Ligand SMILES: O=C(CO)COP(=O)(O)O
């Protein structure tokens, strides 16, 4: 998945959802079918190939669902992601290799989500190994960064930039191959997202500090109504509030409007 050329303001917008471990197997399949309908209802998402679309959609279900997800989404522009990967192949019992993910049709993989850092002890060294392993199999790392506690925008951005440098060993070429998800840990699983003013300030500072551009999206209790308030963001990484696929549709409409790709009247009237 090429991520070049993205920039806040006029570049590609990314809108994606991780279901984390919230949905069971059958519920995941039902949700994926609903996502498929939501995307099919919006031809603006598929006007070009997935690579060229002004709005790229991705879904990240649990590992056991990936194979079926690929079938459900076949022929749609939705990109498939995984929630984690191992740092290599071979004797790593219970892990999933980036090579197998690539075989399954996965194109991006979450690395360093706050829940993995906090609850599974994944430190910067582990995150860095996983980033390189993913890139080695042509997967795009969706690197999750974010300050654990509430900080001012400057300190939060410094924290995030250190996380990016740690994950890439300061390799700017590697950094440019990432999609970055800024997810302040204190805003994950909350009632409300982080205040837009904070998010915009942090994203702008991160962008200024990192040399080559890569997409920089926001996650943490995100839902409809947020994206238009985040001019500094290249999109949203949704969680719980997209379990209702209609909410994903609303966010996609907002993204399409921001990129001025009008949905036909028939599809917009059907979701009012
Ligand atoms: O962590 C997130 C996405 O990976 C955000 O999840 P919530 O939107 O449920 O807070």
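Once Rh for segment 79-128 is found with the Kirkwood sum over Cα pairs, what is the Stokes-Einstein diffusion coefficient at 25 °C and 0.890 mPa s, in µm²/s?
214
With the radius of gyration and the Kirkwood radius both derived from the Cα set of the chain, what is their ratio Rg to Rh?
The Rg/Rh ratio comes out at 0.94.
Build a GNM of the chain with springs between Cα atoms under 10 Å: which of 14, 22, 182 gets the top mean-square fluctuation?
For the chain, modelled as a Gaussian network with Cα springs under 10 Å, the answer is 22.
Please compute the contact order of the chain in relative form: average sequence separation of alpha-carbon pairs under 8 Å and at least six residues apart, divided by the residue count, as a percent.
Once normalised by length, the contact order is 22 percent.
Send over the Kirkwood Rh of segment 117-241, from the inverse of the averaged 1/r over different Cα pairs, rounded to one decimal Å.
Radius from the Kirkwood sum: 14.6 Å.
If you average the C-alpha positions of segment 128-202 and of segment 54-107 separately, how far apart do those two centres end up, in angstrom?
After rounding, the separation between the Cα centres reads 20 Å.
Given the -39500 (n - 2.57) contribution per DSSP H run of 4+ residues, what per-residue ellipticity at 222 nm results for the chain, rounded to the nearest 500 deg cm²/dmol?
-11000 deg cm²/dmol
Gaussian network model of the chain, Cα springs within a sub-10 Å range: biggest mean-square fluctuation belongs to which of 162, 259, 118?
118
Kindly put 87, 186 in sequence by how many other C-beta atoms sit within 10 Å of each C-beta, fewest to most.
186, 87
Throughout, read-outs are computed from the coordinates displayed, never taken from laboratory work. Predicted model, so just to flag it, every value in this text is computed and none were measured. We place every Cβ from the backbone using ideal geometry, glycine too, and count neighbours over all the protein chains shown.
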